[in-house]
Amino acid sequence: MTPRVLSNVRIVDPSTGMDEVGSIVIVDGRIAAIGAGAVDVETPSGAEVEDCAGLIAVPGLVDACVHIGEPGAEHRETIASASRAAARGGVTSIIMMPDTDPVIDDVALVDFVQRLARDEAVVRVHPAAALTKGLKGEEMTEFGLLLEAGAVWLSNGRHTVDNPAVMRRAMTYARDFGAVIAVATQDRRLGAGVMNEGLFASWLGLPGIPREAEIIPLERDLRLAGLTGARYHAMSISVPQSADVIRAAKENGLKVTAGISINHLTLNETDIGEYRTFFRLSPPLRTEDDRRAMVAALAEGVIDIIVSAHDPQDVDTKRLPFADAENGAIGLETMLAAALRLYHSGDVELMRLVDAMSTRPARILGLDAGSLAPGARADIALIDPDYPWVVSKDELISKSKNSPFEDARFTGKVLQTLVAGVTIHRA
Amino acid sequence: MSFPHRHLLGIKGLSEQDILYLLDRADEAVKISRQREKKTSTLRGLTQINLFFEASTRTQASFELAGKRLGADVMNMSVANSSVKKGETLVDTAMTLNAMRPDVLIVRHSSAGAVALLSQKVGCPVINAGDGAHEHPTQALLDALTIRRAKGKVGRLIVAICGDVLHSRVARSNILLLNALGARVRVIAPSTLLPSGIADMGVEVFQRMEDGLKDADVVMMLRLQRERMAGSFVPSVREYFRYFGLDVDKLRLARPDALVMHPGPMNRGVEIASDIADGPQSVIELQVEMGVAVRMAVMETLMLREGNQP
C-alpha cells in the first residue's frame, strides 16, 4: 500500500490533546507520524500527498449504539448497508446491538456477525451480546464465551432488566470477566407511553412517558453496581435528573459511564409537531430545557459519549398513527453534522465532541480506535466544519429513510472517511 | 482425654483437639472396616434412627453401615414422604421420635439450623448429616481424614475449594475444620456462587481457577446443582466447565501430587472431567471409605460418652 500524507490539516485528537495544523503520515494503514513537524520527521518516498487545507482530521467516530436489521429484518438494514451509511457519516467503528432476530445471545451468532462484517462491511463492526437469553431478562448468557468470541459488551436491548435479582447476578458474574453491562434504563411498564409526559402530550392526546421511567431503573442499577462492583454503562439518558444521578455515582467511585443519543442533544418534543413518527424515540424526546441541560452535562463530561442510536424503521413500522408506530430513527449519516451544531453554537468544544464520539467510547469498549497517536490505526474522518448542506432523503445511504433530520440544514460535513488508511468514502 | 460435646451439630465449636480425637478414633475404625469380620458389639442394644428430611442415598447408607458395624439397631426414616407432608411440624416429629427412646438421631434437613432446633427437643445425641447450606460436619471430618492419610498431615497444606460455595454446607464445614487444623484454605468460584463476606471467612478468594489452583496440595470440587446451571447463577454447563470445571489443563497448575476430591455425587463434565475423577490423583473413592469410618468414630464417641447414655 502506498504511504499517504494528509497535509495542512487541522488535527483534533482527544487521545493526545493535539489541536494543531500539520500533517498525518500513514504507512501500512497506521499513523506513522502526526503534527506540525510530522512531514519533516519522515515523509516516505513515493507517498501520495493530499492537501487538506481548511479541513479537520479527527479519529474515526465510534458509534456505540447501532441497531441493524441483520439477521432478521434485512429489508430495513443490512450490515453492509449500515457500514456504508456509517462511512458517509465519518463513523469507522460501529457497535451492533443484539436485538436482532434471532437475538445475538450465543457464540455462534457472534461468529456469524463477525464473518458477515469481515466479508461485507467497509467499517469495523463489533457485536454487542445480549445480557440475558433472548433478551428476556431472566437467564444470563455465556458472558465468558461471548466476550472471548468478540462481543464488546453486554446489553439488554431497549429496556431495563425487570428483575433486580437477575440484574444483580448478571453484574456480579460480569465483574469477574471485566465486562461492561450497557443498559437502556427504560422501564417497560412505567414507560409504556409514546412520548414525553407533559402538556404537549396531553394536547396531542398521547400517553406520556414520565421521566421517572428512566430515573428509577437507573438509580436501581447504580445501587446494584455499587453492591457488585460491576462496570455499568447507561446507554441513553434523556433527562438532567439522570445526569445528576450519574454524576453522584461517579463521585462515589462507581465504575459508571453514560451515553446520550445525538437526537436528545439536538431535538426536543415539539419537533414531533403533528404526529411525526420519525421523532418517536425511546427514550422520548424531552423538553427544550431538558435538552439544554443535557448539552451542559455533555460539555461537563458527566455524559461520556454520544451515540447515533441508529434504528432503521421502514414504512411498515413508521407510516402508522403515532401511537402505533415503532420507536427509532436512523442517525449514522447525520450524527457528526448534527453534533457540529453544538460546536457552532458554542455550547460544546470541538475537542469534547470528538472525545464523546470517538476517543471515549473506544476507551470504554477497549477498542483499538479513537486515537491518531503514532502507531494507531489510521481510521480518520476528514471534516469541512463550515460546509453547508441540506439532508436529502434521496441521498441517504441507509436502507431505511426514517431520519429526523430530513431536509435539515447543517453546517459541516464529512468529506472523506478512511479505515486503516484506505479511503472508503469521499463526498 | 474425652470428647466434651453432647451433639455433633457442626464443626463450629470444635477445638483442634476435638477434631484430632475424632480423626484418631476414625483411624481405628478404618481397621474394622478392612477386616473380614466387620461387625463389632460396641453399640449392641442401642438404637440409631436416621431421620432424613431431604433425600440422600450415600450419606444415609454410610451412616447405616457405620451403625451396623458397631452393632447398633438402625432404623431409617425418610421423612421426605411421610408425616411432614401431612403438616406435622419439625418439633412434633422430633418429640414423637424421642418418645421411642432412640440412642442417637442422625438428621438431615433442607433448612439451615433445623438440626440444632431438633437437638433441643430430644434426650439423645444428635448428629447433623447436613442442614441446608449451613454445615455437614461428618463430610468435613472424612475429608480431613482422607487428606491426613494421603498426605500425612493437614496443617500448612494449601487446599482449594472450588465451585458452588454459596449453597454448600460441605464448603462451610471444611473451611472451619481446615482452618482449625492450620491448613491454608482457598475458595475459587464465580462471584455469583460466593457468599457475601467470604473474604472474612478465613480463606483466600479467587475468581479464576488459573490463579487459585497454583501450588495447591488439595483440590476439592463441589457439586453444582442442576437447577443452578442454566442462567440463574451461571450461564450454562459448557461455560461453567470451561472456566470452573476441573480438567487436565487446570489440574496441571496445582502441585503434581495434588489430591482431587469430590463429596459426590459428581456431575461429570460439569464441575469435573471424567478422566480426572477416575485419574491417579483422585481420592474420591477413599473419601467414601473414610466416610463410614468417621461416622463410626463419631457415633461411638457420642453414644458411649458419659452423660449421653439414657
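The values are calculated or read from the model by the stated rules, or taken from the named source; none is laboratory data. Predicted model only: the values in this text are computed from it and were never measured. Please note: Cβ atoms are built from the backbone with ideal geometry, for glycine as well, and neighbour counts cover all protein chains shown.
Quick look at the values:
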{"item": "Any hit, segment A:79-91, residues being crowded, with 17+ Cβ neighbours inside 10 Å, within 17 Å of the chain's Cα centre (by Cα) and part of a strand (DSSP E or B)", "result": "yes"}
{"item": "Lone qualifier among B:THR40, B:THR47 - being touching a Pro at 6+ places or on another chain (Cβ under 8 Å) and among the polar types (S, T, N, Q)", "result": "B:THR47"}
{"item": "Qualifying positions in segment B:115-138 - more than 16 Å from B:THR59 (Cα to Cα) and of a type in the set (Val, Ile, Thr)", "result": "B:VAL122"}
{"item": "Residue in segment A:193-211 that is under 22 Å from the mean Cα position of the chain (by Cα) and either without any contact (Cβ under 8 Å) to a residue 24 or more places away in the chain or within 14 Å of chain B (Cβ to nearest Cβ) (or both) present", "result": "no"}
{"item": "Residue within segment A:344-351 that is among the polar types (S, T, N, Q) and part of a helix (DSSP H, G or I) present", "result": "no"}
{"item": "Test set (1) surrounded by fewer than 21 Cβ atoms within 10 Å (Cβ to Cβ); (2) within 13 Å of chain B (Cβ to nearest Cβ); (3) touching a residue at least 60 places away in the same chain (Cβ under 8 Å) - A:LEU145 fails condition number", "result": "(3)"}
{"item": "Criterion violated by B:GLU37 - all others in (1) touching a helix residue (DSSP H, G or I) at 6+ places or on another chain (Cβ under 6 Å); (2) over 26 Å from B:LEU176 (Cβ atoms); (3) surrounded by fewer than 15 Cβ atoms within 10 Å (Cβ to Cβ) satisfied", "result": "(1)"}
{"item": "Pairs, first part of a strand (DSSP E or B) and at pLDDT 95 or above in segment A:377-405, second among the basic types (Lys, Arg) and crowded, with 24+ Cβ neighbours inside 10 Å, C-beta under 6 Å, six or more apart", "result": "none"}
{"item": "Which listed residue is over 30 Å from A:THR270 (Cα atoms) and free of Cβ contacts under 8 Å to residues at least 60 places away in the same chain, from A:MET171, A:MET167", "result": "A:MET167"}
{"item": "Filtered residues of segment A:15-41 (kept if over 14 Å from A:GLY375 (Cα atoms) and in contact with a strand residue (DSSP E or B) (Cβ under 8 Å, 6 or more places away or on another chain))", "result": "A:MET18, A:ASP19, A:GLU20, A:VAL21, A:GLY22, A:SER23, A:ALA36, A:GLY37, A:VAL39, A:VAL41"}
{"item": "Tally of residues being crowded, with 20+ Cβ neighbours inside 10 Å, out of contact with any Asp or Glu (no Cβ under 7 Å at 6 or more places or on another chain), not hydroxyl-bearing (Ser, Thr, Tyr) and not in a strand (DSSP E or B) across segment B:123-146", "result": "11"}
{"item": "Criterion (among the small types (Gly, Ala, Ser), in the same structural domain as A:THR257 (by TED's automatic domain parsing) and over 27 Å from B:ARG228 (Cβ atoms)) met by exactly one of A:ALA184, A:ALA174", "result": "A:ALA184"}
